[in-house]
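The values are calculated or read from the model by the stated rules, or taken from the named source; none is laboratory data. Fair warning: this is a prediction, and the values are worked out from it, not measured in the lab. When we count neighbours, we look across all protein chains shown, and the Cβ atoms used for this are built from the backbone with ideal geometry, even at glycine.
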Amino acid sequence: MSNKKIQMIPKIECGIVIDHIPAGDGIRILEILQRDPGLKNVPITFGMNYQSNKLGTKDMLKIQKEDLCERTIQHISLVSPGVTIKRIRNFEVVEKVSIQPPIDLINLLKCLNPGCISQNEPGLKTHFVLSDPENKRVTCVYCEREFFINELSPII
Ligand SMILES: [Zn+2]
């Protein structure tokens, strides 16, 4: 056996790489990408459980499209804060950012409280604030209830 490193996912010429995804979160990010109408018919490569110095094991996604829409990036930041988004041009990384959830989450998640005005007022945008980033908890601005991000359904 040779010790040569194997290029496990082919490089892309142009597009977006989502890297440093904790192993297991990749599938949830893939679900977000599948809901994005702007990514219909866009080639996406998904890799799971790669070795990572930083994380032990990681998942990775490569998207052959120049840009991701801001809403999709925000949804990804809620599911897996701290992942790296790299922009690739001519096979080179031209930009690299670690994404964090926004403080104000406008119309990204549905409130679970059936009595909340955001559930009953058509056209009203939901609004949560990131009240406890450490524990991934958000508070509804309207009814002031606190929830874990992953118990709330996303708004597409
Ligand atoms: Zn509410």
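Quick notes
- Criterion: among the hydrophobic types (A, V, I, L, M, F, W, C), more than 10 Å from the ligand (Cβ to nearest atom), assigned by TED's automatic domain parsing to the domain that holds S52 and in contact (Cβ under 8 Å) with a residue 24 or more places away in the chain - qualifying residue of L78, L108: L78
- Pair list, Cβ under 9 Å, 6 or more apart: region 113-127 residue more than 8 Å from the ligand (Cβ to nearest atom), other residue of a type in the set (G, A, S): L124/S118; K125/S118; H127/S118
- Filtering region 36-85 to residues that are farther than 23 Å from C14 by Cα and of a type in the set (V, I, T) leaves T57, V79.
- Within region 87-135, the set of residues being on the phi > 0 side of the Ramachandran plot and either surrounded by 12 or more Cβ atoms within 10 Å (Cβ to Cβ) or within 20 Å of the chain's Cα centre (by Cα) (or both) comprises just one member, N107.
- One residue stands out in region 28-67 among those that are over 22 Å from V94 (Cβ atoms) and assigned to a helix (DSSP H, G or I): the one that is farthest from the chain's Cα centre (by Cα), namely P37.
- Test: residue in region 83-104 that is within 16 Å of the ligand (Cβ to nearest atom) and modelled with pLDDT of 95 or more: yes
- Matching entry among I32, I99, I85 (being more than 14 Å from I156 (Cβ to Cβ) and in contact (Cβ under 8 Å) with a residue 60 or more places away in the chain): I85
- Yes/no for V138 being exposed (fewer than 14 other Cβ atoms within 10 Å of the Cβ), at pLDDT 95 or above and not in a helix (DSSP H, G or I): no
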